[in-house]
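S.K.: One structure, pasted below without further comment.
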Amino acid sequence: MVEFFRATLDDNVILVCERVRASGNTFYAAMPIEVMRASVKRVFSTVGEDLAAGEPRAYPAILAALGVQRSSMGVAVSSIMDGMWHGFERVSEALAERMPGDWEAALYWEQMRGDLAYRGVAALADAYLEAREKVVRSQADEIVRLSTQVLPLYRGILVLPLVGSVDAERAETMTAALLAAVSRHGSRVVVLDISGVPAVDAEVGGRLVRAATAVELLGAQPLLVGVGPQAARAMVLSGVDLGRLTTLADLESGLQHALRLIGKVIADAPS
């Protein structure tokens, strides 16, 4: 079986590539044919190694590497598995055509085929998912970082625009960023803009109040802006107690109020 596999490898690679491209697999259809053949031959060669060794090792290892690579390219797992299926199917067909009476070789191949397929898919899926999770975690960390950017709006005034939900972890990060910025800039007013927060319930309201209280302890005046009709109604229904926290409808109103607090006004230039 091992000798037969190696002897028919090149022909099988060519035929498998043709079948995969004809199947409508968009990923492989877009790949240059020579590159595709080299990739398929590399995978086929690991199958030959495992057939000789009698244990799947090289094949699962190369599929794990492919899982990481293809994940970064956004290729679906089903596209890779489609190529695998065509490859195994072609070897079974070639074996039946050229060695029709060798049941021992056929039995060995089918047993190894099942083991190779199982371990290969497991290695591929594990590597693919792990790579995707790393990307998602990295993106989530970047979103949190960008969504807790405290911006100097005017000398003595900071603004924190919030977009998305405010869970416990994000509230902690937000508060730490606020306190660091107030201390660094010596700010007197901090504007918390929640116009991008989809829902403000009792828990979210409590987190905002705690952040505002922490800001007050550093001697700055917190303002809560972006409280629209829906947010106001939701806070009332959920029993949110904003205490002495000043609320305003939008960022423009918040800026005007913040400027008054530091003794500044916005005046139109004379025409």
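S.K.: Go through the range 243-271 and count every residue that is among the basic types (Lys, Arg) and outside any loop (DSSP other than H, G, I, E, B).
M.R.: 1
S.K.: Regarding residue 78, is this residue within 15 Å of residue 123 (Cα to Cα) and in a helix (DSSP H, G or I)?
M.R.: Considered against the rule, which asks whether it is within 15 Å of residue 123 (Cα to Cα) and in a helix (DSSP H, G or I), residue 78 comes out as yes.
S.K.: Still on this structure: Could you please find all residues in the range 14-58 being in a loop (DSSP other than H, G, I, E, B) and more than 23 Å from residue 109 (Cα to Cα)?
M.R.: 23, 24, 25, 30, 31, 32, listed by residue number.
S.K.: Determine, yes or no, whether residue 92 is closer than 23 Å to residue 127 by Cα and part of a helix (DSSP H, G or I).
M.R.: no
S.K.: Could you check, for the range 20-37, whether at least one of its residues is crowded, with 17+ Cβ neighbours inside 10 Å and among the acidic types (Asp, Glu)?
M.R.: No, the range 20-37 contains no residue that is crowded, with 17+ Cβ neighbours inside 10 Å and among the acidic types (Asp, Glu).
S.K.: So for the range 69-81 (the condition being under 14 Å from residue 4 (Cβ atoms) and surrounded by 13 or more Cβ atoms within 10 Å (Cβ to Cβ)), does at least one residue qualify?
M.R.: No: the range 69-81 contains no residue that is under 14 Å from residue 4 (Cβ atoms) and surrounded by 13 or more Cβ atoms within 10 Å (Cβ to Cβ).
S.K.: Here is a further query. Can you say whether residue 108 is on the phi < 0 side of the Ramachandran plot, aromatic (Phe, Trp, Tyr), modelled with pLDDT under 90 and surrounded by 11 or more Cβ atoms within 10 Å (Cβ to Cβ), as far as the supplied structure shows?
M.R.: no
S.K.: Mind listing whichever residues of the range 182-195 are surrounded by 21 or more Cβ atoms within 10 Å (Cβ to Cβ) and in a helix (DSSP H, G or I)?
M.R.: If the condition is that a residue be surrounded by 21 or more Cβ atoms within 10 Å (Cβ to Cβ) and in a helix (DSSP H, G or I), then 182 is the only one that fits.
S.K.: Name the pairs whose Cβ atoms lie under 8 Å apart, with the first residue in the range 217-230 and in a loop (DSSP other than H, G, I, E, B), the second surrounded by fewer than 22 Cβ atoms within 10 Å (Cβ to Cβ) and among the hydroxyl-bearing types (Ser, Thr, Tyr), and 6 or more positions between them or separate chains?
M.R.: 218/183; 226/195; 227/247; 228/195
S.K.: Turning to a different aspect of this structure: Answer yes or no as to whether residue 133 is acidic (Asp, Glu), in the same structural domain as residue 253 (by TED's automatic domain parsing), free of Cβ contacts under 8 Å to residues at least 24 places away in the same chain and outside any strand (DSSP E or B).
M.R.: No: the conditions fail for residue 133.
S.K.: Quick one: which residue in 209, 240 is surrounded by 13 or more Cβ atoms within 10 Å (Cβ to Cβ), at pLDDT below 90 and in a loop (DSSP other than H, G, I, E, B)?
M.R.: 240
The values are calculated or read from the model by the stated rules, or taken from the named source; none is laboratory data. Quick caveat: nothing in here was measured; it's all calculated off a predicted structure. Because the Cβ atoms are built from the backbone with ideal geometry, glycine has one as well, and the counts that use them run over all protein chains shown.
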